[in-house]
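Comments concern the structure below.
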Amino acid sequence: MNKVTYREDHDLSGVNSLEELKEMALPCKRCALRAGCTGVVFGEGNPNARLMLIGEGPGADEDLQGRPFVGKAGQLLDQILAAINLDRFTHTYIANVVKCRPPGNRAPRPEEAGQCLPWLYRQIELVSPDLIVLLGSTALQNLIDPEARITKMRGQWLVSKSGIKIMPTYHPAALLRDMNKKRPVWEDFQKVRDEYKIIAEG
Ligand code: SF4
């Protein structure tokens, strides 16, 4: 298993609950994305989840509803989770690299992600999951390695210095564009299911 480190530097160590962190994040204007969106999409799910899912950023539906993964890609993610007997609210916590919608759904720029990541780092620390699934190259490149390729890294377990097992896979939106990615994503989530089962039974 590849050992990885991700940047975890932030100044939010004194924030001791997700509720408090959310209250702080909602008025955030640290980067230019906030000016073009409806509002900050903080993240949601079980605050004690063993599994955390990390995507790229809100799309149009997420921006309007203020919730992550509620559009077509989100519905597909729910189906994938259901296929491995997991429910997003019961078993997972879901967040994104950036919490404001990039215009036209473009990928967030490094300076935007850099401003936003401290919120995510503290979310990870507060949820303290055993497993993280990185959904797509934006999550992989911003958390693990800017040069990493999702096509090469998907399906492999990585482990953070704090011992979290991390599985990169394709973003569900990529699946909607290219159904050839369905099989690899299914294989990746079967590995997640197996690991989750071990943790849940342990
Ligand atoms: S994307 Fe993140 S850093 Fe930028 S304004 Fe929104 S919450 Fe703040």
Around residue 14: net Lys/Arg minus Asp/Glu count, Cβ-Cβ under 12 Å: -2
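So for the range 2-201: antiparallel DSSP bridges make up what percent, rounded to the nearest 5?
Numbers: 4 of 20 bridges.
Here the antiparallel bridges make up roughly 20 percent for the range 2-201.
Given the peptides 31-41, 116-126, arrange them by the average over their residues of other C-beta atoms within 10 Å, most packed first.
Numbers: 31-41: 18.0, 116-126: 21.4.
Ranking, from highest mean packing down: 116-126, 31-41.
Over the range 1-129, what relative contact order in percent results from Cα pairs under 8 Å that are six or more residues apart? All intermediate terms of the calculation are to be shown ahead of the outcome.
Working: 208 pairs, mean separation 46.2, N = 129.
The normalised contact order for the range 1-129 reaches 36 percent.
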Lys/Arg +1, Asp/Glu -1 at C-beta; the chain dipole; positive extreme among 169, 84, 96: 169
Cα gyration tensor shape of the range 142-202, rounded if a/c is under 1.5, else prolate or oblate by comparing a/b with b/c: oblate
Long-range amide H partners of residue 171 with built H, under 5 Å: 136, 137
Kirkwood-type radius of the range 25-73, with distances r between different C-alpha atoms, in Å: 11.9 Å
Extent along principal axes [Cα atoms of the chain; Å; largest to smallest]: 40, 37, 33
The range 93-200 - charge dipole about Cα centre, Lys and Arg +1 at Cβ, Asp and Glu -1, debye rounded to 20: 300 debye
In the range 2-201, lysine pairs with alpha-carbon atoms under 19 angstrom apart (chain gap of 8 or more, or interchain): 17
Cys residues of the chain counted as unpaired, since no other Cys beta-carbon is under 4.7 Å: 28, 31, 116
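FYI, it's all coordinate maths here, none of it is from the lab. Remember, predicted model here, so these are calculated numbers, not experimental data. Glycine gets a Cβ as well: all are built from the backbone with ideal geometry, and neighbour counts include every protein chain shown.
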